[in-house]
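Colleague: I'd like to ask you about the structure that follows.
The values are calculated or read from the model by the stated rules, or taken from the named source; none is laboratory data. Quick caveat: nothing in here was measured; it's all calculated off a predicted structure. Note that each Cβ is placed from the backbone with ideal geometry, even for glycine, and that neighbours are counted across all protein chains shown.
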Amino acid sequence: MTATTTHSRSRHCQGVTILGSTGSIGINTLDVVSRHPEKYRVVALTANRQVNVMFEQCARFVPEVAVMADEASGLALEHKVREAGLKTKVHAGVEALKSTATLPEVDTVMAAIVGAAGLLPTLEAVRSGKRILLANKEPLVMCGDVFIQEANKSGAELLPIDSEHNAIFQCMPAGYRPGSSHEGIRRILLTCSGGPFRGASMDDLASVTPEQACAHPNWSMGKKISVDSATLMNKGLELIEACWLFNITPENVQIVIHPQSVIHSMVEYLDGSVLAQMGNPDMRTPIAHALAWPARIESGVASLNLFDIRRLEFEQPDLDRFPCLKLAYGAAKIKGTAPAIMNAANEVAVQAFLDGIIAFTDIPRVIEKVMEQVTVHHGPTVEVVLRDDTKARRYANTYITSLDDGRKGTAQC
Ligand code: NAD
Ligand code: MG
């Protein structure tokens, strides 16, 4: 741990950077932070293009720095901030975004950018020894071993925000550090709501619209993770995330469909004890937990009413109707760049589905095709991961175009 970090963590009021502050996790983080002005101070906020939401956040929290990844959006925000007479400095571009993760006055970085775009800024934060609240699961899926090694070197604390991984962390032995080895654990039970199409037939799945896929029954989230939750790729990504964070093999992670989303995951010990973390499905619980860890703070989440819930159900996942989960188990076992290739293909396929170019059931087809075509590299550096990510995106786009052209051709016949 660096001297700067030790010094700054001992201060009373923690400096916070939120990468992806205009998204679902970013907004929930600001909600929790705003409940504790004496404990947390917003130092930097970043987003991609949502100028109006970012401007409102700047007006309310007056961060020292606000960064838009998109240059034109940066100019638009700067204009608004200047007109309003706010003291916030506005920057744009990826380098500026990365620098917000390493500012000396920052103790905690919320990593809440969606997708692979969060990899480099989150890695910067890890290398500078901050406390990282890790919501952005894709970078860990892409190069989990690099993240764990870098955190070990810098002394960064990697605290999971994904509700399942935060639950597992809460059920681990006291003092457990994510990524390290452990004794006495038999397996992890990773819960999954089953998404909006749990009982749907294959025919129903083929005609799913983006609006239906984004309407999750229990959680309110960004569009990409909502589609991932509907295909169950989200659980596949979470399986790989769990393997890195808790140093466990995929064979020792059991995915359990639990439609009520009240148990957020469980840890089973060698003596047969199973510890579960429960609560209402509200991301402010894991955010507050990781912000204050090892202390506890008020999050704004209502008490769990077990009399209203009455029953908790559990089912096996159906890998035939939800092949993304099977693909993720495969990638988790192959390792190397396989998870990064799978993740890149998934990001491209989900965007094509949201844009109305491919069907919901084409998403696993695209991923499978890309995983067959792009060669996996083992023991990869970040550069190799990014190279395979680019190859996979290119191949996914080509395949999607061929699917689209084929269908247009058929329609014209
Ligand atoms: P979101 O789409 O609501 O927000 C994404 C944020 O990232 C926005 O602020 C956006 O401006 C920013 N962003 C998007 N593309 C960017 C780019 N190219 N460069 C820089 N910034 C960019 O997403 P979300 O639902 O808040 O999810 C964020 C991350 O947290 C995802 O990785 C998701 O898997 C994970 N997560 C979310 C939830 C949830 O409940 N929403 C739960 C668990 C994990
Ligand atoms: Mg989750």
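Table: residues versus (1) touching an Asp or Glu at 6+ places or on another chain (Cβ under 9 Å); (2) in a helix (DSSP H, G or I); (3) of a type outside the set (K, R).
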site	(1), (2), (3)
L275	yes, no, yes
P286	yes, yes, yes
H289	no, yes, yes
P294	no, no, yes
L319	no, no, yes
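Colleague: For the subset of segment 140-168 comprising residues that are under 15 Å from the mean Cα position of the chain (by Cα) and β-branched (V, I, T), which member is nearest to G118 (Cα to Cα)?
Modeller: If we take residues in segment 140-168 being under 15 Å from the mean Cα position of the chain (by Cα) and β-branched (V, I, T), then V141 is nearest to G118 (Cα to Cα).
Colleague: Ok, one more. Which numbered condition trips up S229, out of (1) in a loop (DSSP other than H, G, I, E, B); (2) within 11 Å of ligand 2 (Cβ to nearest atom); (3) among the small types (G, A, S)?
Modeller: (1)
Colleague: Do you know which residues across segment 5-24 are modelled with pLDDT under 95 and buried (at least 16 other Cβ atoms within 10 Å of the Cβ)?
Modeller: T5, S8, R9
Colleague: While we're on this one: Give segment 331-355 a look and list any residue that's surrounded by 24 or more Cβ atoms within 10 Å (Cβ to Cβ) and touching a Pro at 6+ places or on another chain (Cβ under 6 Å), or say none.
Modeller: A331, A332, T337
Colleague: Collect the residues in segment 126-146 that are among the hydrophobic types (A, V, I, L, M, F, W, C), in a helix (DSSP H, G or I) and within 14 Å of ligand 1 (Cβ to nearest atom), keeping them in residue-number order.
Modeller: Selection gives L140, V141, M142.
Colleague: Has segment 183-193 got at least one residue that is within 16 Å of ligand 1 (Cβ to nearest atom), over 21 Å from T29 (Cα atoms) and outside the structural domain of V267 (by TED's automatic domain parsing)?
Modeller: Within segment 183-193 (the criterion being within 16 Å of ligand 1 (Cβ to nearest atom), over 21 Å from T29 (Cα atoms) and outside the structural domain of V267 (by TED's automatic domain parsing)), the answer is no, since none of the residues qualifies.
Colleague: Checking M54 against (1) more than 19 Å from the chain's Cα centre (by Cα); (2) touching a residue at least 60 places away in the same chain (Cβ under 8 Å); (3) under 26 Å from S128 (Cα atoms), which test does it fail?
Modeller: Single failed check for M54: (2).
Colleague: Hey, can you tell me all the residues within segment 214-229 that are surrounded by 14 or more Cβ atoms within 10 Å (Cβ to Cβ) and among the hydrophobic types (A, V, I, L, M, F, W, C)?
Modeller: C214, W219, M221, I225, V227
Colleague: Going by what's in this entry, would I168 be described as assigned by TED's automatic domain parsing to the domain that holds Q260, surrounded by fewer than 24 Cβ atoms within 10 Å (Cβ to Cβ) and over 23 Å from A69 (Cα atoms)?
Modeller: When the stated conditions are applied, I168 does not pass them.
Colleague: Taking G236 as meeting all but one of (1) part of a loop (DSSP other than H, G, I, E, B); (2) crowded, with 23+ Cβ neighbours inside 10 Å, write down the number of the exception.
Modeller: Going through the list (1) part of a loop (DSSP other than H, G, I, E, B); (2) crowded, with 23+ Cβ neighbours inside 10 Å, G236 breaks only (1).
Colleague: Testing M110 on (1) within 16 Å of ligand 2 (Cβ to nearest atom); (2) in a loop (DSSP other than H, G, I, E, B); (3) of a type outside the set (D, E), one condition comes back false. Which one is that?
Modeller: That leaves (2) as the condition not met.
Colleague: Given the criterion within 24 Å of M342 (Cα to Cα) and either small (G, A, S) or out of contact with any Ser or Thr (no Cβ under 9 Å at 6 or more places or on another chain) (or both), identify the matching residue among L245, L205, L190.
Modeller: L245
Colleague: Given the conditions (1) under 17 Å from the mean Cα position of the chain (by Cα); (2) over 30 Å from V301 (Cα atoms), which single one is not true for M202?
Modeller: M202 satisfies all of (1) under 17 Å from the mean Cα position of the chain (by Cα); (2) over 30 Å from V301 (Cα atoms) except (1).
Colleague: Just wondering, is there one or more residues in segment 220-231 that are within 13 Å of ligand 1 (Cβ to nearest atom) and without any contact (Cβ under 8 Å) to a residue 24 or more places away in the chain?
Modeller: Looking for residues that are within 13 Å of ligand 1 (Cβ to nearest atom) and without any contact (Cβ under 8 Å) to a residue 24 or more places away in the chain, one finds at least one in segment 220-231, hence yes.
Colleague: Out of the residues in segment 198-213 that are buried (at least 16 other Cβ atoms within 10 Å of the Cβ) and out of contact with any Leu (no Cβ under 8 Å at 6 or more places or on another chain), state the one that is nearest to V262 (Cα to Cα).
Modeller: Within segment 198-213, the match that is nearest to V262 (Cα to Cα) is R198.
Colleague: Give just the number: which of (1) crowded, with 16+ Cβ neighbours inside 10 Å; (2) away from ligand 2 (no atom under 14 Å from the Cβ) does I257 not satisfy?
Modeller: Status for I257: all satisfied but (2).
Colleague: Continuing with the same structure: Name the one entry in R49, R35, R60 that is touching an Asp or Glu at 6+ places or on another chain (Cβ under 7 Å), within 16 Å of ligand 1 (Cβ to nearest atom) and at pLDDT 95 or above.
Modeller: The conditions single out R49.
Colleague: Follow-up. Just a yes or no: is a residue in segment 204-211 among the charged types (D, E, K, R), away from ligand 1 (no atom under 16 Å from the Cβ), within 18 Å of P364 (Cβ to Cβ) and out of contact with any strand residue (DSSP E or B) (no Cβ under 9 Å at 6 or more places or on another chain)?
Modeller: Yes.
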